[in-house]
1. What whole-number value in Å² describes the accessible area per residue of the stretch 78-158 for a 1.4 Å probe?
2. Please sort 77-90, 58-71 by packing, taking for each peptide the average over its residues of neighbouring beta carbons within 10 angstrom, highest first.
3. Return the lysines within reach of LYS104: Cα separation strictly under 24 angstrom, same-chain partners fewer than 8 residues apart disregarded; answer none if there are no such residues.
4. Once you charge only the Cβ atoms, +1 for Lys and Arg and -1 for Asp and Glu, what is the size of the charge dipole of the stretch 50-147 about its Cα centre, to the nearest 20 debye?
5. Of the heavy-atom accessible surface of the stretch 10-158 (probe 1.4 angstrom), what whole percent is carbon and sulfur?
6. Divide the volume of the convex hull of the Cα atoms of the stretch 23-69 by its number of residues and quote the answer in cubic angstrom per residue.
7. Any idea which of ASN22, LEU43, HIS82 is furthest toward the positive side of the dipole for the chain, if Lys and Arg beta-carbons carry +1 and Asp and Glu beta-carbons -1?
8. As a test of the formula, what do you get for the chain when each DSSP H run with n ≥ 4 contributes -39,500 (n - 2.57) and the sum is divided by the residue count, at 222 nm and rounded to the nearest 500 deg cm²/dmol?
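The values are calculated or read from the model by the stated rules, or taken from the named source; none is laboratory data. Since this is a predicted model, take the numbers as computed values, not measurements. Cβ placement follows ideal geometry from the backbone for every residue including glycine, while neighbour counts extend to all protein chains displayed. Side chains are part of the model used for accessible areas, which takes the heavy atoms of the whole protein and leaves out ligands, DNA and RNA. Shrake-Rupley method; radii C 1.70, N 1.55, O 1.52, S 1.80 Å.
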Amino acid sequence: MKRIDNILSNDSYKSYIRYIENKEKNRKFCCHGMEHCLDVARLAYIISLEENMGIDKELIYAAALLHDIGRAMEYKDGSPHHETGAEIAEEILLHTDFSSDEIKTICHAIACHKSESDGDELCSLLYRADKLSRCCFSCEAYDECYWDEGMKNQTIRY
């Protein structure tokens, strides 16, 4: 997946991920670094295959690897991570071989990944994988988490 390698080797991407991981190194709740992004990518791809969605693997991985990149700006100035994340992702994706239409698709999924109701398949997939990536059933901060009970993962689904 050459285009995914282009994201992973992008200096801005690496810098943002390091910044997020550094800000969250003592966080007791779910984190948003590389491990989480890869979990989301792999889950989204599995769901896409099992549900015969037909979404391109590299679109899934690009959206998942970039979906929380805006957390860096959220930590810096309080910007909503999904909105700034789409802007940052576009800058990074311009240095890959994704087409302009693919970049729009990926950035839209990032911008709307906080809600499943957008109607866009990649957005919905990203939202679901993001939530399913959390191991609430074994979390030490379970009782302190702000997620309501209905959102917490009590089992492994994929």
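1. That works out to 56 Å² per residue.
2. Sorting 77-90, 58-71 by mean packing, highest first, produces 58-71, 77-90.
3. LYS2, LYS14, LYS57, LYS114, LYS131
4. 180 debye
5. For the stretch 10-158, the apolar C and S fraction of the accessible surface comes to 46 percent.
6. So the per-residue Cα hull volume is 64 Å³.
7. It is ASN22, whose Cα lies furthest towards the positive end.
8. Theoretical 222 nm ellipticity from helices: -17500 deg cm²/dmol.
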